[in-house]
Amino acid sequence: MTKTKRQMHLGVFWLGTGNHSAGWRMEGAARSNFDLSVIQSGARIAERGKFDLFFISDGLLFDAGDHPSFVSRFEPTTLIAALGAATKYIGLGATVSTSFSEPYTVARTFASLQQLSAGRAAWNIVTTSNDSAALNFSQAGLREHDNRYEVANEFVDVVRGLWNCWDEGAVVADPRTGQFLDPSKIRALDHKGRYFQVKGPLNMERSPYGPPAIIQAGGSAAGQDLSSRTADIVFAVVNGDPTSAKAAYDSLKTRVVKHGRAPHDLALLPGVMPIIGRSDEDAKEQLAKLQSWLSPTNAMTLVSQRIGYDISGYPMDGPVPEIKPTATGHQTFSQTILELARREKMTLRDLYNVTAAARGHWVIYGTPKRIADTMEEWFLAERADGFVVMPAYFPGAFDDFVDQVVPELQRRGLFRTEYAGTTLRDHLGQTRET
């Protein structure tokens, strides 16, 4: 049998005002994350670029000093239902937290989305890292980090179990006999665990498209354990260091195999913000322009959120203080950002510039060829299976990537020129059932 050539996977991280904190200030940029027509247009751009996934994050609290797209946003599962009706091929990922939801509700919601979108739905599992979110759910604060992942592991098992309570052919609907259901093909889950007791089954027949895909972003040991066992896509944070990226990639793939899965059952996609110019210098000037619009107050808020430690009292031009990850905060971002700061000997001003640009994700700039060269190098070296593209602003920066970088990747045989199927699992080359 001829081995299929490995192909790059691409997703886009949607933030209506742009992934750069000041992206909305660019000429022609969208200035709202609450306009359905703008979001539909973005999803169609992704589909025109033959992307695997259109990915929507979420947050569960209001902070006036937060990223512009975080202060006003749609509930994501509702949003991807609307996007499914406006697109045909693109996978649609929505974030739902395991800390403030019930497995039965989540299982039912995503099973519905999978059916309504004809097999294009994906659940992004998060455990929530901002302690203040708990105050909106009658709780004083979050559980500790590893305990949140214990809950998440059981939560995911219950959801996947509920998706499997119905067999194919359970609905008979035979008008001659009057039989509507075959009860032998429907069973209760009867889950009794440490955190959840769920009888089941869902009041919903099995989708012919199989279960929704699962996305996970946790890079801590607990997060890697969950993703290597259950996820189809991992949205990773990298700081541009090839050595640490390769080590993280190999570590995750090794964990995947230990769980009895093939390495290609999981696609590792680092987030990257490409700044594209007619020349490298032009791209650098674009980045400098975006950076010049940063508000120090907002940027420092973002840094404090990402590392889980209030740094507002430290001198801006002094060194980044020695900080240990908190028990409840976002450990992956904290570790990645602090490693970058120490490696590059950054001041706090340097760190907030980097963080406010792409919230700690990797920023690359240059001509379309230079961007494609970097992506090709990382893909072929197996530091990544593709990328989640994080345009600085929409639609212009995303159009530039689709119209200039994607054709370069296609010419090199790294990325599809047409969709090979209609479902997200088709795009990923995965057929695994829960």
For region 189-246, the dipole about the Cα centre with charges only on Cβ (Lys and Arg +1, Asp and Glu -1), to the nearest 20 debye, works out at 220 debye
Out of 288, 173, 118, a Gaussian network model of the chain with alpha-carbon springs under 10 Å gives the largest mean-square fluctuation to 173
Candidate cut points under GluC sites (Glu not before Pro) in region 395-433, DSSP loop plus at most 12 other Cβ atoms within 10 Å of their own Cβ, are 418, 433
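Is the shape of region 27-163 rounded, prolate or oblate, going by the alpha carbon gyration tensor and its root eigenvalues a ≥ b ≥ c, with a/c under 1.5 for rounded and a/b larger than b/c for prolate?
Verdict is oblate for region 27-163.
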Given 11-22, 381-392, the highest-first ranking by average Cβ count within 10 Å works out to 11-22, 381-392
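Can you give the convex hull volume per residue for the Cα atoms of region 205-248, as a whole number of Å³?
Residue-normalised Cα hull volume stands at 87 Å³.
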Of the residues 230, 248, 161, the Cα lying farthest along the dipole of region 132-278 towards its positive end, which is defined by charges on the beta carbon of Lys, Arg, Asp and Glu, belongs to 248
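Which shape class applies to region 62-141: rounded if a/c is under 1.5, otherwise prolate when a/b exceeds b/c and oblate if not, where a ≥ b ≥ c are the square roots of the Cα gyration tensor eigenvalues?
Here region 62-141 falls in the oblate category.
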Length gained, residue 343-residue 180, 0.36 nm per residue minus C-alpha separation, equals 52.2 nm
Of 291, 216, 139, the most mobile residue in a GNM of the chain (C-alpha springs, cutoff 10 Å) is 139
Note to self, the chain gives a 222 nm [θ] from helices alone (DSSP H runs n ≥ 4, -39500 (n - 2.57) apiece, / all residues, nearest 500) of -11500 deg cm²/dmol
In debye to the nearest 20, the charge dipole size for region 339-388, taken about the Cα centre with +1 at each Lys and Arg Cβ and -1 at each Asp and Glu Cβ, equals 320 debye
Of 192-201, 266-275, ordering from highest average Cβ density within 10 Å down gives 266-275, 192-201
Most packed first (mean Cβ within 10 Å per residue), the peptides 166-172, 96-102 order as 96-102, 166-172
In degrees rounded to 10, the 0-90 angle between helix 36-48 Cα long axis and the longest Cα principal axis of the chain is 90 degrees
In degrees rounded to 10, the 0-90 angle between helix 368-380 Cα long axis and the longest Cα principal axis of the chain is 50 degrees
Computed for the chain: size of charge dipole around the Cα centre, +1 on C-beta of each Lys and Arg, -1 on C-beta of each Asp and Glu, debye to nearest 20, value 700 debye
Everything considered on the Cα gyration tensor (a ≥ b ≥ c; rounded for a/c under 1.5, else prolate if a/b is larger than b/c, else oblate), region 146-263 must be described as prolate
Sorting 14, 110, 360 by the position of each Cα along the dipole of the chain (Lys, Arg +1; Asp, Glu -1; all at Cβ), the one nearest the positive end of that ordering is 110
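All of the numbers you see were taken from the coordinates with simple rules; none came from a lab. If you're wondering where the values come from, they're calculated on a predicted model, not measured in any experiment. For neighbour counting, all protein chains shown are included, and Cβ atoms are generated from backbone atoms with ideal geometry for every residue, glycine included.
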